[in-house]
Amino acid sequence: MLLEEAGIPSVAVHTDVFAGVARATATANGIPRTRQAFVPQPVVDLSRAELRAYIEGNDPTSGRPFMREVIEALTCPLDADDLTGLSFDRSTPRLLTPDGEANLQRLFIENHWTDYLPIVLPTEERVAAMLKGTSHPPDEIVGRMRPTSFREFWEYTVEKVAVNAVMAGARPEYFPVILALAASGSTAKSSSTTSMTNMAVVNGPIRHEIGMNSGIGALGPYNHANVTIGRAYALLSQNLQGGSVPGETYMGTLGNGLAYSACFAENEEKSPWEPLHVEKGLPAGESAVSVFFGLRYVHEGYGPRETWQEKMRRCLSSGAHFPPLLVMDPIVARLFVERGMTTKERLIDWCAANARLPAREYWDDQWVQTLLRPLAVAGVEPYASRLKAAPDEIVQMFEPKEINLVVAGGGAQGAWKMFGARYERTISIDAWR
Amino acid sequence: MTELLTVHDPRGYPPSVVGKRLAQRPESLDGKTLYLVDCLFDNSENFMRELADWFGKNLPSVRTRLIQPRQSWVDDADMRAKVAREGDGAILGVGL
């Protein structure tokens, strides 16, 4: 689109599965008539001959020869609509037309404003009550969010965040945590085809003030604050960023159950190590929430047992692109301390040193190819060195700074989980009280 | 009688959309330089190489040049400037 603005006739080629997204994005950018042509899905892993067959075949959305679509896109004369584009104001109203409870529940579902579980309708009274959970004014801008890097940012106020908090069933005392999550700007409803979502980890005194669970069942649906804060983060992400609708603003091919709600508190009291928010530079007495992005893969283990190193190595090397977020029961943490991991840093360093693959396997990954190879070619380290490695040479997959470790759980079992999740940022909750 | 409830709209505020015009098209591509922009998705380079080969065999009067941005998913202003300076058209692609 920027090339068109620079006076260069352009045509964008997509696979047909993305036709809806491509057209919606063009409209949102004021250039709905941008020229596009489509080939079948997939392109990944096809031979040159198969790709050539796409080029010499038909555009699956129009049924016309693909190359005719391309050439006409670059040469056919423009009409008046092409020359003016499309300007419009998409402002959303503050209040909806009054209606009965059943009709409003149906309206929210039909507009894709829910997670398809019943919601608490955000009446004026309920939203006003939620707003009492913060000292910040309702019209203060909290942040901006978008489902992916090629979509436009949407903006939101304290009141809009409160509306989504009410819908999730949250209580006003949770509201500073939800505002901090909204202020992160990191969406829990990414449109990535890889079905990513976010996880939130809460630290500091607020865990006890609002009764969060860091013990038995911390990561599951067993605590009102954990669940409704996580749900509020998910709902506000989809509604404040402009949607999370399959085929339009969501393309996660498998979906992700953690996208309903993924929030828990670190068990600081039972952890032998420094709390997560302190590692990230905040005082121990401050309340904060840390956001992790991805949650593509989940491994689990018990122990550590005699062969923990072999087990951990297998898990670490299974997810080539996304670094691990380790969540450990206090029993496991304590046993690791007995094995010499007296700080989180020591265990993280061990993980970084032992997350390794032969270069040929490391690079034979769609997202390593798409996201990291360009950096390697441009000389950015450590990717450039990994690209120079011979195919059978062992390369290190992650830097220590990419790996994170959190203690949670109630001591019922020496269990740990490893999530493929990238650390995004830690936000002060106290700043949103 | 059903009680009427007044509820808030849960959506954020989208930016205003300002219409943008398409670039004028040439009558034909004869003698023109087309940039084939490999957007760095897995296998998109091979797709663009096949596209260049197709032009070479079927429309040899069109000059094609392969080009890549510095990163995937990130606008490369330098690459855009080069295409605008030296090209007559562009084909961009292709994801997944």
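The values are calculated or read from the model by the stated rules, or taken from the named source; none is laboratory data. All of these numbers come straight from a predicted model, not from anything done at the bench. Every residue, glycine as well, gets a Cβ built from its backbone with ideal geometry; the counts of neighbours run over all protein chains shown.
Would you please name the residue that is nearest to the other protein chains (Cβ to nearest Cβ), looking only at residues in segment A:110-124 that are among the hydroxyl-bearing types (Ser, Thr, Tyr) and within 18 Å of A:LYS189 (Cα to Cα)? Lay out the reasoning, then the answer.
First pass over segment A:110-124, keeping only residues among the hydroxyl-bearing types (Ser, Thr, Tyr): A:114, A:116, A:123.
Remaining after also requiring within 18 Å of A:LYS189 (Cα to Cα): A:114, A:116.
Working: A:THR114: 9, A:TYR116: 14 Å.
Of everything passing the filter in segment A:110-124, A:THR114 is nearest to the other protein chains (Cβ to nearest Cβ).
Each row is one residue, and each column tells you yes or no for (1) touching a residue at least 60 places away in the same chain (Cβ under 8 Å); (2) out of contact with any Pro (no Cβ under 9 Å at 6 or more places or on another chain); (3) farther than 18 Å from A:VAL298 by Cβ; (4) not in a loop (DSSP other than H, G, I, E, B).
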site	(1), (2), (3), (4)
A:LEU219	yes, yes, no, no
A:ALA234	yes, yes, no, yes
A:SER237	yes, no, yes, yes
A:GLY243	yes, no, yes, no
A:GLU274	yes, yes, yes, no
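Which ones in segment A:33-86 are under 20 Å from B:LEU40 (Cα atoms), among the hydroxyl-bearing types (Ser, Thr, Tyr) and touching a residue at least 12 places away in the same chain (Cβ under 8 Å)?
Hit for segment A:33-86 is A:TYR54, nothing else.
Mind checking which residues of segment B:3-41 are part of a loop (DSSP other than H, G, I, E, B) and touching a residue at least 24 places away in the same chain (Cβ under 8 Å)?
Pass one, segment B:3-41, residues part of a loop (DSSP other than H, G, I, E, B): B:3-4, B:6, B:9-12, B:14-16, B:18-32, B:39-41.
B:PRO26, B:LEU29, B:ASP30, B:GLY31, B:LYS32, B:CYS39, B:LEU40, B:PHE41, listed by residue number.
Criterion first (assigned to a loop (DSSP other than H, G, I, E, B), among the aliphatic types (A, V, I, L, M) and either touching a Ser or Thr at 6+ places or on another chain (Cβ under 7 Å) or not assigned by TED's automatic domain parsing to the domain that holds A:LEU46 (or both)) does A:MET341 satisfy it? Let's see the steps before the verdict.
Working: assigned to a loop (DSSP other than H, G, I, E, B): yes; among the aliphatic types (A, V, I, L, M): yes; either touching a Ser or Thr at 6+ places or on another chain (Cβ under 7 Å) or not assigned by TED's automatic domain parsing to the domain that holds A:LEU46 (or both): yes.
Considered against the rule, which asks whether it is assigned to a loop (DSSP other than H, G, I, E, B), among the aliphatic types (A, V, I, L, M) and either touching a Ser or Thr at 6+ places or on another chain (Cβ under 7 Å) or not assigned by TED's automatic domain parsing to the domain that holds A:LEU46 (or both), A:MET341 comes out as yes.
Which of the residues belonging to segment B:43-71 are free of Cβ contacts under 8 Å to residues at least 12 places away in the same chain, at the interface with chain A (Cβ under 10 Å from one of its Cβ atoms) and under 17 Å from A:ARG52 (Cα atoms)?
Within segment B:43-71, the first condition is being free of Cβ contacts under 8 Å to residues at least 12 places away in the same chain, and the residues that meet it are B:43, B:46, B:50, B:53-54, B:56-58, B:60, B:70.
After this cut, where a residue has to be at the interface with chain A (Cβ under 10 Å from one of its Cβ atoms) as well, the list is B:43, B:46, B:50, B:53-54, B:58, B:70.
B:ASN43, B:ASN46, B:GLU50, B:ASP53, B:TRP54, B:ASN58 - these are the residues of segment B:43-71 that are free of Cβ contacts under 8 Å to residues at least 12 places away in the same chain, at the interface with chain A (Cβ under 10 Å from one of its Cβ atoms) and under 17 Å from A:ARG52 (Cα atoms).
Conditions tested, residue by residue: (1) at pLDDT 95 or above; (2) over 27 Å from the mean Cα position of the chain (by Cα); (3) among the β-branched types (Val, Ile, Thr); (4) surrounded by fewer than 20 Cβ atoms within 10 Å (Cβ to Cβ).
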position: A:VAL327; (1), (2), (3), (4): yes, no, yes, no
position: A:VAL337; (1), (2), (3), (4): yes, yes, yes, yes
position: A:ARG346; (1), (2), (3), (4): yes, yes, no, yes
position: A:CYS351; (1), (2), (3), (4): yes, no, no, no
position: A:GLU361; (1), (2), (3), (4): no, no, no, yes
position: A:PRO391; (1), (2), (3), (4): yes, yes, no, yes
position: A:GLU402; (1), (2), (3), (4): yes, no, no, yes
position: A:ALA415; (1), (2), (3), (4): yes, no, no, yes
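With the requirement that a residue be closer than 21 Å to A:ARG296 by Cα and of a type in the set (D, E, K, R), what does segment A:189-217 give you?
Answer for segment A:189-217, where residues must be closer than 21 Å to A:ARG296 by Cα and of a type in the set (D, E, K, R): just A:LYS189.
Can you report the number of residues in segment A:134-160 which are among the β-branched types (Val, Ile, Thr), crowded, with 19+ Cβ neighbours inside 10 Å and facing chain B (nearest Cβ under 9 Å)?
First, the residues of segment A:134-160 that are among the β-branched types (Val, Ile, Thr): A:134, A:141-142, A:148, A:157-158.
Now drop any that are not crowded, with 19+ Cβ neighbours inside 10 Å, which leaves A:134, A:142, A:157-158.
Now restrict to residues that are facing chain B (nearest Cβ under 9 Å): A:157.
Matching residues across segment A:134-160 total 1.
Every residue in segment A:26-47 that is touching a strand residue (DSSP E or B) at 6+ places or on another chain (Cβ under 6 Å) and more than 8 Å from chain B (Cβ to nearest Cβ), please.
Those that are touching a strand residue (DSSP E or B) at 6+ places or on another chain (Cβ under 6 Å) and more than 8 Å from chain B (Cβ to nearest Cβ): A:GLN36, A:ALA37, A:PHE38.
Which of the following residues is more than 7 Å from every other protein chain (Cβ to nearest Cβ) and in contact with a Ser or Thr (Cβ under 8 Å, 6 or more places away or on another chain): A:GLU69, A:GLU50, A:GLU56? Working first, answer last.
Details: A:GLU50 fails: in contact with a Ser or Thr (Cβ under 8 Å, 6 or more places away or on another chain); A:GLU56 fails: in contact with a Ser or Thr (Cβ under 8 Å, 6 or more places away or on another chain).
Answer to the selection: A:GLU69.
Look through segment A:254-301, keep the residues that are β-branched (Val, Ile, Thr) and at pLDDT 95 or above, and return whichever of them is nearest to A:ARG425 (Cα to Cα). Before you say what the answer is, go through the steps one by one.
Start the filter on segment A:254-301 by keeping residues that are β-branched (Val, Ile, Thr), which leaves A:278, A:289, A:291, A:298.
Retained after the next criterion (residues that are at pLDDT 95 or above): A:278, A:289, A:291.
On the way: A:VAL278: 13, A:VAL289: 8, A:VAL291: 6 Å.
Only one residue fits best here, namely A:VAL291.
Take the residues of segment B:54-67 that are in contact with a Ser or Thr (Cβ under 9 Å, 6 or more places away or on another chain) and either of a type in the set (Ser, Thr, Tyr) or within 24 Å of A:THR370 (Cα to Cα) (or both): which is surrounded by the fewest Cβ atoms within 10 Å (Cβ to Cβ)?
Filtering segment B:54-67 for residues that are in contact with a Ser or Thr (Cβ under 9 Å, 6 or more places away or on another chain) and either of a type in the set (Ser, Thr, Tyr) or within 24 Å of A:THR370 (Cα to Cα) (or both), the one surrounded by the fewest Cβ atoms within 10 Å (Cβ to Cβ) comes out as B:SER61.
Against the conditions (1) surrounded by 19 or more Cβ atoms within 10 Å (Cβ to Cβ); (2) at pLDDT below 95; (3) more than 30 Å from A:GLN369 (Cα to Cα), where does B:LEU29 fall short? Just the number, please.
All conditions pass for B:LEU29, except number (2).
Please verify whether B:GLY19 is surrounded by fewer than 18 Cβ atoms within 10 Å (Cβ to Cβ) and within 9 Å of chain A (Cβ to nearest Cβ), treating the condition exactly as stated. Before the answer, list the steps.
Numbers: surrounded by fewer than 18 Cβ atoms within 10 Å (Cβ to Cβ): yes; within 9 Å of chain A (Cβ to nearest Cβ): yes.
Here the answer is yes, as B:GLY19 does meet what is asked.
Being within 7 Å of chain B (Cβ to nearest Cβ), part of a helix (DSSP H, G or I) and polar (S, T, N, Q) is the filter here, so list the residues in segment A:83-109 that pass it.
Of the residues in segment A:83-109, the ones within 7 Å of chain B (Cβ to nearest Cβ) are A:83-96, A:98-101, A:104.
Now restrict to residues that are part of a helix (DSSP H, G or I): A:83-84, A:101, A:104.
Within segment A:83-109, A:THR84 is the sole residue that qualifies.
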